[in-house]
Amino acid sequence: LNDIVAVGPEHFYGTNDHYFLDPYLRSWEIYLGLAWSYVVYYSPSEVRVVAEGFDFANGINISPDG
């Protein structure tokens, strides 16, 4: 995960700014311009991808009204 934002005591959204963990594969991900990063939602009962197709999902926030 690159960044998280809490939306409840046990719930949050998180960004994953790269698909690969391996530095060599990450370099190819960047070089080829693969838009494979995504945003996940976590709760105690589920984890799911809620948005995908970003070049670099780097950072997340929530508005004051939720």
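The mean of 1/r over all pairs of different alpha-carbon atoms in the chain, once inverted, gives a Kirkwood hydrodynamic radius of 12.6 Å. Annotation for residue 25 and residue 63: the two label points, set 7 Å from Cα along the Cα-Cβ direction, are 3.7 nm apart. The slack in the chain from residue 54 to residue 17, taken as 0.36 nm per residue of separation less the alpha-carbon distance, amounts to 12.5 nm.
Solvent-accessible surface of the chain, averaged per residue with a 1.4 angstrom probe and all protein chains in place: 72 square angstrom. Couplings 3J(HN,Hα) for the range 2-10, derived from phi with the Karplus relation 6.51 cos²θ - 1.76 cosθ + 1.60 (θ = phi - 60°), are 9, 8, 9, 9, 6, 10, x, x, 10 Hz, where x marks Gly and Pro. Applied to the range 42-54, the Karplus parametrisation 6.51 cos²θ - 1.76 cosθ + 1.60 on θ = phi - 60° returns per-residue 3J(HN,Hα) values of 10, 9, x, 9, 7, 9, 8, 6, 10, 7, 8, x, 8 Hz, with x for Gly and Pro. Per-residue ellipticity at 222 nm from helix content only, as computed over the chain with -39500 (n - 2.57) for each DSSP H run of at least four residues, stands at -4000 deg cm²/dmol. The phi torsions of the range 23-31, fed into the Karplus equation with coefficients 6.51, -1.76 and 1.60 and a -60° offset, translate into couplings of x, 5, 5, 4, 4, 5, 4, 6, 4 Hz, rounded to whole numbers, with Gly and Pro shown as x.
Amide H to amide H, with H built 1.01 Å from N, residue 38 comes under 5 Å of 16, 57, counting only residues 5 or more places away or on other chains. Just the protein heavy atoms count here, and of the accessible area of the chain at 1.4 Å, carbon and sulfur take up 56 percent.
Using the Cβ-Cβ distance between residue 6 and residue 36 with R0 = 30 Å, the FRET efficiency computed as 1/(1 + (r/R0)^6) comes to roughly 0.75. Once you list every other residue whose beta carbon is under 12 Å from the beta carbon of residue 56, what net charge do they have if Lys and Arg are +1 and Asp and Glu are -1? Result for the local shell: -3.
The values are calculated or read from the model by the stated rules, or taken from the named source; none is laboratory data. If you're wondering where the values come from, they're calculated on a predicted model, not measured in any experiment. Because the Cβ atoms are built from the backbone with ideal geometry, glycine has one as well, and the counts that use them run over all protein chains shown. Quick note on the areas: whole protein, heavy atoms, side chains included, nothing else; ligands and nucleic acids left out. Shrake-Rupley method; radii C 1.70, N 1.55, O 1.52, S 1.80 Å.
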